[in-house]
Each structure stands twice: as structure tokens, then as C-alpha cells.
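*Asks:* Following this message is one structure expressed as C-alpha cells.
The values are calculated or read from the model by the stated rules, or taken from the named source; none is laboratory data. Being a predicted model, the structure only gives us computed values, none of them experimental. FYI the Cβ positions are ideal-geometry reconstructions off the backbone, even for glycines, and counts take in every protein chain you see.
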Amino acid sequence: MARRKTAKAEEIKQDVQSGDVVGVTDEILTEKNDTVVICANIPHARKFNVPDKSGKFHTVTINGNNTPLIGADRGVIPIGAYGITANVLKSDWEYIKTVYGYMSDIKEERIFDSTSANARAEAKERKDLRHGLEPVDPQAARNSEPLN
């Protein structure tokens, strides 16, 4: 069992290196009418309240890049990869951009919309964007001397 999870962690690590999207299959990316695919290079899911036609609010959850790790007892936290949320209504996304557009994740395009055909390519173009909450490499962090 542990071997299987390690293999999954290696798959995620490979996705991170390529800058690809994580936790998505081509079936999930099948686009419906009046929807967009949202790519997010954030470490966790983000929820937005969006009004519907009756004036009531519903929640739109944008998946972060650690979504495939939910429920796993171990794994590699992705760096430079994008979580995918498919079939978000275009009207909901326009509302989110209008109301929450001041957020740095949206302004700096760590959260952006795409089509199912272009999501992987656009994520790969932005693979060098960082959100600032990436895990620390313990080998690289050993740059100071112990406190006396």
C-alpha cells in the first residue's frame, strides 16, 4: 500500500516538473456550453459566493493544486502546477473577476480561465508563477549556523 502512494507522489512530482495541471483527466475537461475551465496555482481550494438569478448566493469552489492529495496520508505538495475546476459558468466567473478581481491571485493570474483545449498549454506557460506558500526544501534551507 505504501508503495502505491509513493508511486502517486512520484506522478505528482513529474506533473510539477512539467508545469502541467494536476488531478484532472480528459473526461473532466470535457467542456459544456457557456462554461470555462479555471486553472489555479494556489495551495488549497478557494470558495467564492456568487448570486444566482433569484438573488440567492451559491458557492463556487476553485480547486487548488493540492486537490489530488485530499484523503491521502502522504504525497508531494505541487510546486508550479495548477489545480483544475471544470465547467464553471461563464457568468459566475465574470462575477468573480469583477467582485474579487482585487485579489493578488487573480490579478497576477495564478487563478485564470481557459478552455478545455488550452488549459494544459496555458498552465505550462505560467509554470514559473509562485504563490509564496510552497514547501521549503530542507537541503537548500541549511544556510545558517546554529544559534549558540
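*Asks:* Any idea how many residues of the stretch 122-148 are touching a Cys at 6+ places or on another chain (Cβ under 7 Å) and either modelled with pLDDT of 80 or more or of a type in the set (Asp, Glu) (or both)?
*Replies:* 1
*Asks:* Could I ask something else about it? Looking at (1) at pLDDT 80 or above; (2) crowded, with 16+ Cβ neighbours inside 10 Å, find the lone condition where residue 119 falls short.
*Replies:* Condition not satisfied by residue 119: (1).
*Asks:* Also: Among the residues of the stretch 42-101, write down those that are more than 17 Å from residue 123 (Cα to Cα), part of a loop (DSSP other than H, G, I, E, B) and either at pLDDT 95 or above or polar (S, T, N, Q) (or both).
*Replies:* Listed by number, the list holds a single entry, 54.
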